[in-house]
Amino acid sequence: MKFTKTTVAVGVAAIAVAAFFAHGASCASERKDTSARTEESSVTTNENGVVSHAYTECTVSTNGNMVTERRRETRTNMDADGNVLETSTSEFAQSYTVGDPGAATFQTTEDTGDATESGSADTASFLGVAFGEPFEDDDAEFATDPGEPAFLRATFTPKTPLEGFDDYYVYVTPKSHRVAKVCACAREAVDPGPRWRRHYLVEALEKRYGTWARPCSYRRPIFAFNIGPGRFASVCLAGASRDYETIVQAWDETVSSDAIHELEELRAAARKNATEKRRGRVDAAAAAF
């Protein structure tokens, strides 16, 4: 088959035009629709030797004037011998207009250092109350809580109260009165804001501690946060308890374990005192007889 110069020129021109329009369509598509995907893996080990493997996939897509973020996290916990203890998967998606910062890319604890500004990974306190430190409030009245027998509970007022919340509680160890858990409770469900966005309390906790929320229930809006080594937070947005609709809390696992040991020490001391008291009464009665 023979090709003339004209035929070749027409062919080349047609290819160039097609390439031009394809490139233009591609550019227009890039201007209109973009998508970026990132992956991240992490491995952590707690004091009990449990190894947690987390694999996270994040996708950010722009379509016209709307941005959609999707995140999927798969977490596997194994004991020191490599046996799988638990496997969980959590997903969420949110949409917002271009220009809204949305959910920021969180830094790790190593990257943020000891900064204490909002958005850092500082986990030493919650609502201004420091974990592991004796709770110092001359007006505090400690009482037992049937639901938390290992702790003593007292009410307090934070320096910066949360909008819509009614009561604040601090849970301390029964002997040394060191802070183990802090709670904020609202009798009425806190305003969720726009329905197409995640609850602002969830985003606020993510921003404050530089971590992602994990859904914990298929029945109720409960989210958990791994805010640091041995420290965790959770929020129940509706139907939290018999008395409260919304509860936000954070706790320290190590101090909570210490509370159990202190309670056992107090119980052992009480049993010893009761035994000695009874022995004294028996001896006194025997001498009287």
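The values are calculated or read from the model by the stated rules, or taken from the named source; none is laboratory data. The model shown is predicted, which means the values in this text are computed figures rather than measured ones. No Cβ is skipped: glycine too gets one built from the backbone with ideal geometry, and neighbour counts run over all protein chains shown.
Residues considered: Pro221, Pro174, Pro158, Pro215. Of these, the only one that is under 30 Å from Ala270 (Cα atoms) and surrounded by 14 or more Cβ atoms within 10 Å (Cβ to Cβ) is Pro174.
Scanning segment 227-249 for residues that are touching a residue at least 60 places away in the same chain (Cβ under 8 Å) and not β-branched (Val, Ile, Thr) turns up Gly228, Pro229, Gly230, Arg231, Ala233, Tyr244, Gln249. Among the residues of segment 141-150, at least one is touching a helix residue (DSSP H, G or I) at 6+ places or on another chain (Cβ under 7 Å) and more than 21 Å from Ile222 (Cβ to Cβ).
For segment 94-110, check the following and say yes or no: at least one residue is touching a strand residue (DSSP E or B) at 6+ places or on another chain (Cβ under 6 Å), modelled with pLDDT of 80 or more and either assigned by TED's automatic domain parsing to the domain that holds Glu203 or at positive phi (or both). Checked segment 94-110: no residue is touching a strand residue (DSSP E or B) at 6+ places or on another chain (Cβ under 6 Å), modelled with pLDDT of 80 or more and either assigned by TED's automatic domain parsing to the domain that holds Glu203 or at positive phi (or both).
Scan segment 251-274 for residues that are among the basic types (Lys, Arg) and exposed (fewer than 11 other Cβ atoms within 10 Å of the Cβ) and the total you get is 2.
From the residues in segment 238-250 that are aliphatic (A, V, I, L, M) and surrounded by 19 or more Cβ atoms within 10 Å (Cβ to Cβ), which one is farthest from Arg178 (Cα to Cα)?
The initial filter retains those residues of segment 238-250 that are aliphatic (A, V, I, L, M), namely 238, 240, 247-248, 250.
Add one more test, that the residue is surrounded by 19 or more Cβ atoms within 10 Å (Cβ to Cβ), and what stays is 240, 247-248, 250.
Values: Ala240: 26, Ile247: 22, Val248: 20, Ala250: 14 Å.
Restricting to residues being aliphatic (A, V, I, L, M) and surrounded by 19 or more Cβ atoms within 10 Å (Cβ to Cβ), the top hit is Ala240.
Contact annotation: residue pairs with Cβ atoms under 7 Å, 6 or more positions apart or on different chains, pairing a residue in segment 29-53 that is at positive phi with a partner that is of a type in the set (A, V, I, L, M) and at pLDDT 75 or above, are Gly49/Ala80.
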